[in-house]
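The values are calculated or read from the model by the stated rules, or taken from the named source; none is laboratory data. It should be emphasised that the depicted structure is a prediction, and the values quoted were computed from it without experimental measurement. Note that each Cβ is placed from the backbone with ideal geometry, even for glycine, and that neighbours are counted across all protein chains shown.
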């Protein structure tokens, strides 16, 4: 049984890597045999024994994912009038949401959290390395996009505001857009500090400083404006704890000026006028929500109505899945952020006492609880908050409401919270009824923020 649980963790990590780097990259010519589907089925059955004694049923996120799965199906059936399309949408969503369950089932220790971070770091470094190799061989100088941009290249070319041609680093598969890859980098960068050890200079240089420098180089190569803002937001949140809010804002202001001077965005401005096309899409998405309020226009169908996606995570969720889907998305997000903030707070986490796990029906499943003190739980919580900061700030400019990264981060947060709970360090999760109410309030607040934002932008123009 214990061997099956370890196998489940290994297969889960392989499943995540395959998602990010594509089956073709991982399995080569074997990809034509739908190896990723075989892997998913294998992970599912190997994971079944881990359900014994699992805390998954105690988290509101489980209900949220069930509701979102139903919303994706109904959105296409009702919005697109296509039952077969509803099934396809359901399977696409489940493939991503599956990550939350796999992390909660198999990632039950700090060491496994570190392995998971290593997996995400490997994905980013692999793409950066491939891009660096392409740079060494030289990129096409033609401004003909069709000639310069190919599916096999880790770069995509485009014109900046001055009409100059430049290239942006991207991944493959689900991160084949430079902005999407920049968002992943912003999420992974804070998590790398899980390997930081006080007074271990050489170890910290090798396992933290150098990987962070490589990630920053990769973020630069993406030339993503949203990615840059996400990294600056992470700096604000991280620095304010040590130097205060005002000095942190001044620091980030200086970093912003330096970033623009170094052409981090590839020569593209960050302004209301520069983002006018995106705000137009936001307004059209709000109108679609008004005309399709319950289940939206259908999962993945927004581009069919607008010609482009909305470039905003909140509005993509609302427009495609309606208020029903937005509520369950908020039901996933609210308790996750609440638990992340709870384990970050020194006031809510106490020293606690190690507890002996209850005997399970299968004694082999019971594992010795590793030693973790209050300071370490708080530190892990802060890393998750910083990672979510990167995801959400970048997501303000991206259509990434249902990606695996969100569910990976959600699962990691709940694993850390559960570790604190097992040790008696923190009080139980919020009552379920209260979470339901607060999640509904969050959904309304998110739409209100988007409405006010659009009103301000329209008045400014």
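What to note about this one:
- From 56, 94, residue being without any contact (Cβ under 8 Å) to a residue 60 or more places away in the chain and closer than 20 Å to residue 420 by Cα: 56
- Candidates 230, 214, 238 - the one that is under 25 Å from residue 454 (Cα atoms), in contact with a helix residue (DSSP H, G or I) (Cβ under 8 Å, 6 or more places away or on another chain) and at pLDDT 90 or above: 230
- Pairs are defined by a Cβ separation below 9 Å, a sequence spacing of at least 6 or placement on different chains, a first member in the range 16-27 that is farther than 19 Å from residue 41 by Cβ, and a second member that is at pLDDT below 95 and not in a helix (DSSP H, G or I); the pairs so defined are 20/171; 20/172; 21/171; 21/172; 24/172; 25/172.
- For the range 282-304, taking the residues that are touching a helix residue (DSSP H, G or I) at 6+ places or on another chain (Cβ under 6 Å) and assigned to a helix (DSSP H, G or I), the one that is surrounded by the most Cβ atoms within 10 Å (Cβ to Cβ) is identified as 285.
- Condition check for residue 222: surrounded by 18 or more Cβ atoms within 10 Å (Cβ to Cβ) and modelled with pLDDT under 90: no
- Count of residues meeting criterion [surrounded by fewer than 21 Cβ atoms within 10 Å (Cβ to Cβ) and more than 15 Å from residue 292 (Cβ to Cβ)] in the range 61-81: 6
- Listing of helices (runs of 4 or more DSSP H) fully contained in the range 362-461 that carry 1 or more residues being in contact (Cβ under 8 Å) with a residue 40 or more places away in the chain and within 20 Å of residue 184 (Cβ to Cβ): 374-395, 404-422
- Filter result for residue 252 (at pLDDT below 95 and assigned to a helix (DSSP H, G or I)): yes
- Residue that is farthest from residue 392 (Cα to Cα) [pool: residues in the range 258-274 that are surrounded by fewer than 17 Cβ atoms within 10 Å (Cβ to Cβ) and modelled with pLDDT under 80]: 267
- Note on the range 1-111: enclosed helices (runs of 4 or more DSSP H) holding 3 or more residues that are more than 22 Å from the chain's Cα centre (by Cα) and under 28 Å from residue 319 (Cα atoms) are 60-79, 83-106.
- Test: residue 31 is over 26 Å from residue 331 (Cα atoms) and out of contact with any strand residue (DSSP E or B) (no Cβ under 7 Å at 6 or more places or on another chain): yes
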